[in-house]
Structure formats: C-alpha cells, structure tokens
Amino acid sequence: MTLLRVENLTARYGASQALFGVDFTLAEGEVLALMGRNGMGKTTTVKAICRMIPSQGRLEFSGQNLHVLPSFRAARLGLGLVPEGRRCFASLSVAENLIAAARPGHWTLERVTRFLPRLGERLGQRAASLSGGEQQMLAIGRALMTNPRLLILDEATEGLAPLIRAEIWGTIAALKRDSGMSILVIDKTLSELAQVADSAAIIARGKTVWSGAMEDLSADVTEQYVGV
Ligand code: ATP
C-alpha cells in the first residue's frame, strides 16, 4: 500500500523557486533514499512533506491530502522527522526531550530506551552534554516517541564519527527489520544507503530526475546526479 505519494511538488522561498516538480511514492514498510547533490532540494522536499513550508502539487499521506490540513494536523497523522542538525532541546534532559514528544502508541519511553540503550543510560543528562552521535540517537528516539507511521531522517549520519555512523545505520536497519517501519532517509553515504534502502528518488535542481528500485539504480545515473 502506498503510504506517501508526492506528485509534481513545487515550493518556493519568497521569490526564489526551490522545487520544480518532485515525484515519488513510498510504500508501507519501505525504506526510500532521497538522493541528490547539495542544494538540490532534498531538505526542502522534506519540509514541504512535513508542512513546514507551503507547497503545491499532490501530497498524499495514507490516502489523505496533506495540503488541505493545517500543519499541526499533518504531523499528527504520523510524520516523525529527525531534522538536519538534530535540534534537541539543549537545556532539557534526555528524558524530558523524549517525554515532550510522546504520543500514544507502542513506542513508549520504556521501549525507546530499550531499543536505544545509550539513551536509557543518560536519561537525567542534559541534551547539551551529549555527543553528536548521542544527540542523533536522541533525535531518533524523540521521533519514535511520536509513534510515527513514517520516519524521516534528514542527513542521518552527517558530521558523525565512523563508529557512531555504523550504529545509526544499524538502528535504521533494525527499525526496518524488526518493526517494519516506513522510512525516508537522506544521507551522503551512498554505500550505506544502497544497503538499507529498497527504493530511491534522485532530485536535481528541484526536480525528480530518477526514481525506482535501489537495485535498478545504475552507476552512471549515480555518477551523473549524486556522485561528487
Ligand atoms: P543539502 O544537502 O545541502 O542540505 P538539499 O538538497 O537539502 O541540500 P535544500 O536545502 O532543500 O537542498 O535547498 C534547495 C534550494 O533552496 C537551494 O538552492 C537553497 O539555497 C534554497 N534554500 C534552502 N533553504 C532556503 C531558505 N530558507 N530561504 C531561501 N532559499 C533557501
């Protein structure tokens, strides 16, 4: 079943148009990699999906037209965002960050800390005192606390040390394998993306230039639109 349908999505920042027609679909239980070089419109696409910026075109989540809903309602439909730069509440404790996000469902504080034990060991610690990797875990835990139907990770491992990156990829793979979580992930590590993602959509200059199954993504296309 299609969980997220994006069709001819356009968006602008004031006078400057950023998206010119983004198209892709994400099926329930699927991991989709949203790819493209810097500044091509990946974050803008995510912001439009989460109704953080206005956009036009077709935007359907779980059969509902997101464009007719106020943004707070869209979030409650089950979009769990791990934003670029993590954005945890620095002066709140780990527990407070998690509890502040909680919505009813099976991802409770107990289950989240069992799944992400590093957080469980640091519940009383201020978020500001966590390492970058721990803050990313907290951002993931906070998104899970909202009991999302779709988890969106914008720059899942950016700026993190190799060991902690591996841990984040392990976390994403475990969510897919054990919880059947639907996931949209943006990251620059193509090899890791290729391992975990079922499908991909590539954006260049605000437009989808390729989408399909990950296994059908050729080296040529990758080099043309994604490679450095
Ligand atoms: P990156 O990997 O660098 O985050 P991206 O693919 O996520 O890149 P976006 O951040 O979506 O790209 O940016 C798409 C375009 O929109 C860029 O040209 C960018 O300069 C522009 N843009 C992004 N945010 C704003 C903003 N707040 N105001 C004006 N223009 C913006």
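The values are calculated or read from the model by the stated rules, or taken from the named source; none is laboratory data. Note that the structure is a prediction, hence the values are computed from the model and not measured. Virtual Cβ from ideal backbone geometry, glycine too; neighbours counted across all protein chains shown.
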For this session: State yes or no: is GLU96 within 14 Å of the ligand (Cβ to nearest atom), among the acidic types (Asp, Glu) and under 30 Å from ARG122 (Cβ atoms)?
Result: no
Exercise. THR189 fails exactly one of the following numbered conditions: (1) at pLDDT below 95; (2) within 29 Å of THR108 (Cα to Cα). What is the number of that condition?
Worked result: (2)
Exercise. When both residues are 6+ apart or on different chains and their Cβ atoms are under 8 Å apart, which pairs have a first residue that lies in region 40-57 and is of a type in the set (Gly, Ala, Ser), and a second that is within 6 Å of the ligand (Cβ to nearest atom) and not in a helix (DSSP H, G or I)?
Worked result: GLY41/ALA18
For this session: Considering each residue of region 211-226, count those that are surrounded by 13 or more Cβ atoms within 10 Å (Cβ to Cβ) and away from the ligand (no atom under 15 Å from the Cβ), and give that number.
Result: 7
For this session: Filter region 2-53 down to residues that are surrounded by fewer than 20 Cβ atoms within 10 Å (Cβ to Cβ) and on the phi > 0 side of the Ramachandran plot and give me whichever is nearest to the ligand (Cβ to nearest atom).
Result: GLY39
